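Single-structure report; data block below.
The values are calculated or read from the model by the stated rules, or taken from the named source; none is laboratory data. All values derive from a computational prediction rather than experimental measurement. We place every Cβ from the backbone using ideal geometry, glycine too, and count neighbours over all the protein chains shown. Heavy atoms of the whole protein, side chains included, go into the accessibility calculation; ligands, DNA and RNA do not. Shrake-Rupley method; radii C 1.70, N 1.55, O 1.52, S 1.80 Å.
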Amino acid sequence: MTTGAHNRWHQDAETLFQIGRSGALVLDAIRRKGSVARADLTEETPLSQQSVHRLAEDLLERGLLRLEAPKIAGRGKPSPQLALAPDGAYGIGLAIDTDDVRVAVTNLVGDLLHLTTVEADPNDPEGVRIGAEAEVPAIVERLGLPAERIAGVGISMQGYRRRPGTAFVPPPKIAAWRDRDVALIFDNAFAFPIMAENNATLGAEAENWVGAGRRFDNFAYLSINQGFGGGIVVNGAPYIGYHMNAAEISSIYTEEETERRPALRILIAMLREAGHEIGSVSELKARYDPSWPTIDRWIARVTPALDQMLRAITGILDPAAIVFGGEAPHDLRRRLAEAANPRTVDDIGLPFPGPELLISSIKTAPNVLGAALLPIRTRLFR
């Protein structure tokens, strides 16, 4: 891209994504409803009918919305429905996990358009940058994406933050990223804005966009990976907290309790003791056998700590649902949810109301999908 062409692209992109707070309210109301008649938007936002009409027209002109066939309900002429335009915007996600590095592309409605693995050691920050720097432009060209509609590149990193920002304390397997500013490492690597977030929060964002978020505006998300993390969605948006460590759920456990939480590294260690040559989450997923007796022993071992966490989430957040997600095989997450017994009773013996326990139906890696949605969320829905 020449300097002149890059400047024109930058101007076009900035114009497209400058929709203002009120535009973001309208766009998010439509996202959460799936589709909605223009006249009904005033009930979904605090805006006047005149403002909603003007903003909807602007979003249609920008190509961020599209008109769909009217829904017939009652008497009178039905109104066309407003819905997100899938090709209105795109996001690119880069997930740095303990076993590999992946790149994903999504559109405005959360469809996964591309997923690939970057040939790089995840514990080599500079090597990851070099690999991604070559892979991302090639993907954009291969998919024929209009550059001005790419919201940015979101990066998924495991671990918590010592202070607000984009530096994390990751697991030992990717310790080379410890306290390194992720956004700074990728500065100027791409022609698009860079942002980063914790992998569990991004898993919750993916669930919010294409999973449980279609039914619930408030839910908690369990990220069952090498470790055990979580995410929170409040009023249809991820909540990250003052220190940007909200739902860092493993922090509630003592050192002794940590070895009994539902983390896959503990299951992998138990499987190795039982003679199974499995050294990573990727190998566990590839070779997973529901008949392994070790799985039942692991579930019995971790269920008390899981129940403790479910009761804490219920008592503090009172979410509509708690979603079992992350990289763990679907069968394993289902069996964990079935074994869980988080219900408590009040002082007269009546059950304390609790959330639905759901199994995430997202088939791809949720954190890389969430990473691709992060720039879309940041630039159009915040």
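Taking the range 140-163 on its own, how many of its residues are of a type outside the set (Asp, Glu), over 24 Å from Leu222 (Cβ atoms) and in contact (Cβ under 8 Å) with a residue 60 or more places away in the chain? Result for the range 140-163: 7. Could we say that Asp99 is surrounded by fewer than 21 Cβ atoms within 10 Å (Cβ to Cβ), of a type in the set (Asp, Glu) and touching a helix residue (DSSP H, G or I) at 6+ places or on another chain (Cβ under 7 Å) here? Yes, satisfied. When residues in the range 239-273 are screened for being open to solvent by 40 Å² or more (accessible area, probe 1.4 Å) and on the phi < 0 side of the Ramachandran plot, 18 of them pass. Given Glu277, Glu197, which one is open to solvent by less than 50 Å² (accessible area, probe 1.4 Å) and at negative phi? Glu197 is the lone residue from the list that is open to solvent by less than 50 Å² (accessible area, probe 1.4 Å) and at negative phi.
Condition check for Pro375 on (1) open to solvent by 10 Å² or more (accessible area, probe 1.4 Å); (2) touching a residue at least 24 places away in the same chain (Cβ under 8 Å): one failure, at (1). For the range 332-341, the criterion of being in contact with a Pro (Cβ under 7 Å, 6 or more places away or on another chain) and at pLDDT below 95 is met by none of the residues.
A search for C-beta distances below 6 Å between a residue of the range 224-235 that is within 14 Å of Ala305 (Cα to Cα) and any residue that is of a type outside the set (Gly, Ala, Ser) and crowded, with 24+ Cβ neighbours inside 10 Å, counting only pairs 6+ apart in sequence or on different chains, returns Ile224/Pro262; Phe228/Pro262.
Looking only at residues that are among the charged types (D, E, K, R) and more than 26 Å from Ala147 (Cα to Cα) in the range 200-226, which one is surrounded by the most Cβ atoms within 10 Å (Cβ to Cβ)? The qualifying residue surrounded by the most Cβ atoms within 10 Å (Cβ to Cβ) is Glu207.
Conditions (1) aliphatic (A, V, I, L, M); (2) surrounded by 15 or more Cβ atoms within 10 Å (Cβ to Cβ); (3) in contact with a strand residue (DSSP E or B) (Cβ under 6 Å, 6 or more places away or on another chain), marked per residue:
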residue	(1), (2), (3)
Asn123	no, yes, no
Arg129	no, yes, no
Ala132	yes, yes, yes
Ala147	yes, yes, no
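Just one residue in the set Ala196, Ala220 is under 22 Å from Thr106 (Cβ atoms) and in a strand (DSSP E or B); that residue is Ala196. Checking each residue of the range 281-290 against the condition of being at pLDDT 95 or above, among the hydrophobic types (A, V, I, L, M, F, W, C), within 23 Å of Ala204 (Cβ to Cβ) and open to solvent by less than 60 Å² (accessible area, probe 1.4 Å) gives at least one match.
Looking only at the range 46-74, filter to residues that are aliphatic (A, V, I, L, M) and at pLDDT below 90; which one of those is nearest to Ile19 (Cα to Cα)? In this case the residue turns out to be Ala69.
When the residues of the range 75-89 are filtered to those that are of a type outside the set (Asp, Glu) and within 28 Å of the chain's Cα centre (by Cα), the one that is modelled with the lowest pLDDT is Gln81.
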